[in-house]
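Q: The structure under discussion is supplied below as C-alpha cells; questions concerning it will follow.
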Amino acid sequence: MAARTGLGVLTAGWLLGAAQPACAGGGWIRPAGGAYAKVGLTAVNTSRYYTLSGTELTTNPFSQQVVSLYAEAGLGHHLEAVLNFPAYRRAKFSTSTATQGVGDVQLGLRYGVLRGAWPMALSVSAELPTGNPKARGTNTNNSQLEIALPTGDGEFNVWTQVALSHSFSPKLYATVEAGYNARTEGFTNQYSYSGQLGYQLLGKAWLTGTVRTLDNVRAPRPGGLASIGIGEGVAYSTAALGANYAATDHLWLTAEWATGFGKLRNVYAGSQFTVGVAWEWK
C-alpha cells in the first residue's frame with residue numbers, strides 16, 4: 001500500500017481548500033490502534049478578491065494564518081474517526097485590526113466500503129459552528145469603520161464523501177474523490193470533486209499533485225452573501241503541489257503550495273503555503 005495523501009473536505013475558510021496531509025485519507029482505512037495526527041500552519045497574503053459574480057477586484061492586502069490539527073484513528077471493523085480542527089485563525093487587512101480565535105471544528109467517520117487493490121471509503125462529517133461568525137476588525141485610520149472578519153460561518157453542515165484509491169506500484173498511487181455539502185442557515189448546498197497523484201522519491205519523500213473543485217448545486221442567492229470565503233456562493237478550483245518527508249518511521253515533515261484557477265466566487269485567491277509536522281502510529 002502506498003503512502004496515503006487524502007483529498008479531504010473543505011473546512012470553513014477564507015481562501016482555498018487544499019489537500020489533506022501525508023499518509024491520510026484516500027480510500028484506505030486505518031486498522032484498530034493505528035492513528036495519525038498533524039499540526040499545520042497555513043499562510044497567505046493577497047489582494048485579489050473574486051465577487052459572487054466572478055468579477056476580480058483589487059483590495060487592500062489581506063492576510064490570514066491558520067494553525068490546524070488534523071487527526072485520524074482506526075476504530076476497527078473498517079471504521080475510522082476523523083478530526084479537522086482549525087485551532088487558531090487570524091485574519092486582517094493592511095488597513096484593519098486583526099481578528100483571531102478558533103474556527104469551525106469538523107468531526108467525522110469513514111467506512112471502508114471496498115478493500116484490496118481498489119480501496120473505497122465513504123465518509124460523513126459534521127462541521128460544528130465553534131468559530132465566531134460575528135468577529136469584526138476595525139479600520140486603523142477610523143475606529144468607527146468595521147469589517148467582517150469571522151472565524152466561522154455560524155452554521156451546522158454535513159459533508160458526505162466517497163474516495164477511491166489505487167496503488168499502481170509501491171511508488172505510485174492515485175485517488176479520486178467526490179463530495180456533497182448539505183448546508184443550513186439558508187446557504188446553498190455545494191459539491192466537490194478532486195484527483196490526486198502521489199509518487200515516492202528516494203524512498204523517503206512523497207511528492208503529490210492535487211486538483212480540486214468546489215461549486216454550488218444551483219445559482220447562489222445574491223442577497224445571501226454573509227462572509228467572504230465562508231458565506232454564500234463560495235466556489236473555486238485549486239491546484240496544489242506537496243512534499244511529505246518521512247524523517248523517521250513515525251515522524252513526517254510536510255509542505256504544500258496551492259493556488260486557485262478557473263471559476264472563483266466569493267473568495268480571496270493567491271499563493272497559499274502550508275507547512276506541518278505529523279506523527280503516525282502504526
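Q: Considering (1) closer than 23 Å to Leu128 by Cβ; (2) touching a Ser or Thr at 6+ places or on another chain (Cβ under 7 Å); (3) open to solvent by 60 Å² or more (accessible area, probe 1.4 Å); (4) at pLDDT below 95, say which one Asp153 fails and leave the rest.
A: Tallying (1) closer than 23 Å to Leu128 by Cβ; (2) touching a Ser or Thr at 6+ places or on another chain (Cβ under 7 Å); (3) open to solvent by 60 Å² or more (accessible area, probe 1.4 Å); (4) at pLDDT below 95, Asp153 fails exactly one: (3).
Q: Taking the condition of being of a type in the set (A, V, I, L, M) and either buried (at least 18 other Cβ atoms within 10 Å of the Cβ) or touching a Gly at 6+ places or on another chain (Cβ under 7 Å) (or both), how many residues in region 83-113 meet it?
A: 4
Q: Do we have Gly25 as in contact (Cβ under 8 Å) with a residue 24 or more places away in the chain, on the phi > 0 side of the Ramachandran plot and crowded, with 18+ Cβ neighbours inside 10 Å here?
A: Taking the combined requirement at face value, the residue satisfies it.
Q: Under 9 Å between Cβ atoms, which residue pairs at least 6 apart in sequence (or on different chains) link something in region 104-118 that is of a type in the set (Phe, Trp, Tyr) with a partner that is open to solvent by less than 20 Å² (accessible area, probe 1.4 Å) and not in a strand (DSSP E or B)?
A: Trp118/Gly27
Q: Name, by its number, the condition in (1) modelled with pLDDT under 95; (2) within 30 Å of Ala205 (Cβ to Cβ); (3) open to solvent by less than 40 Å² (accessible area, probe 1.4 Å) that does not hold for Ala135.
A: (2)
Q: Output the residue which, of all residues in region 189-208 that are in contact (Cβ under 8 Å) with a residue 60 or more places away in the chain and hydroxyl-bearing (Ser, Thr, Tyr), is nearest to Thr248 (Cα to Cα).
A: Only one residue fits best here, namely Thr208.
Q: Of all residues in region 119-176, how many are in contact (Cβ under 8 Å) with a residue 24 or more places away in the chain and assigned to a loop (DSSP other than H, G, I, E, B)?
A: So the answer is 20.
Q: Can you tell me which residue in region 197-220 is surrounded by the most Cβ atoms within 10 Å (Cβ to Cβ), limited to those that are among the polar types (S, T, N, Q) and more than 19 Å from Tyr180 (Cβ to Cβ)?
A: That would be Thr210.
Q: Check Thr99, Thr130, Thr55, Thr59 and return the single one that is under 27 Å from Thr259 (Cβ atoms), of a type in the set (Val, Ile, Thr) and at pLDDT 95 or above.
A: Thr99
Q: If you don't mind, there's one more thing I want to ask. If you scan region 258-273, which residues turn out to be buried (at least 19 other Cβ atoms within 10 Å of the Cβ) and of a type in the set (Phe, Trp, Tyr)?
A: Matches in region 258-273: Tyr268 only.
Q: Quickly run through region 62-82 and pick out the residues that are part of a strand (DSSP E or B), open to solvent by 40 Å² or more (accessible area, probe 1.4 Å) and in contact with a Phe, Trp or Tyr (Cβ under 7 Å, 6 or more places away or on another chain).
A: Val67, Leu69, Leu79
Q: Spot the failing condition for Arg90; the list is (1) of a type in the set (D, E, K, R); (2) more than 27 Å from Thr188 (Cα to Cα); (3) more than 15 Å from the chain's Cα centre (by Cα); (4) at pLDDT 95 or above, and only one is missed.
A: It is condition (2) that Arg90 fails.
Q: Quick check on this structure: which one of Gly223, Gly233 is modelled with pLDDT under 95, open to solvent by less than 20 Å² (accessible area, probe 1.4 Å) and under 24 Å from Pro133 (Cα atoms)?
A: Result: Gly233 is the single residue among Gly223, Gly233 that is modelled with pLDDT under 95, open to solvent by less than 20 Å² (accessible area, probe 1.4 Å) and under 24 Å from Pro133 (Cα atoms).
Q: Sticking with this structure for a sec: When you go through (1) in a strand (DSSP E or B); (2) among the basic types (Lys, Arg); (3) surrounded by 19 or more Cβ atoms within 10 Å (Cβ to Cβ) one by one for Arg30, which number turns out not to apply?
A: Condition not satisfied by Arg30: (1).
Q: Moving on. Output yes when any residue across region 41-56 is over 19 Å from Thr210 (Cα atoms), without any contact (Cβ under 8 Å) to a residue 60 or more places away in the chain, among the hydrophobic types (A, V, I, L, M, F, W, C) and open to solvent by 20 Å² or more (accessible area, probe 1.4 Å), and no when none is.
A: Within region 41-56 (the criterion being over 19 Å from Thr210 (Cα atoms), without any contact (Cβ under 8 Å) to a residue 60 or more places away in the chain, among the hydrophobic types (A, V, I, L, M, F, W, C) and open to solvent by 20 Å² or more (accessible area, probe 1.4 Å)), the answer is no, since none of the residues qualifies.
The values are calculated or read from the model by the stated rules, or taken from the named source; none is laboratory data. Bear in mind the structure is a predicted one, so any value in this text is a computation, not a measurement. We place every Cβ from the backbone using ideal geometry, glycine too, and count neighbours over all the protein chains shown. What goes into the accessible areas is simple: the full protein's heavy atoms, side chains included, and nothing from ligands, DNA or RNA. Shrake-Rupley method; radii C 1.70, N 1.55, O 1.52, S 1.80 Å.
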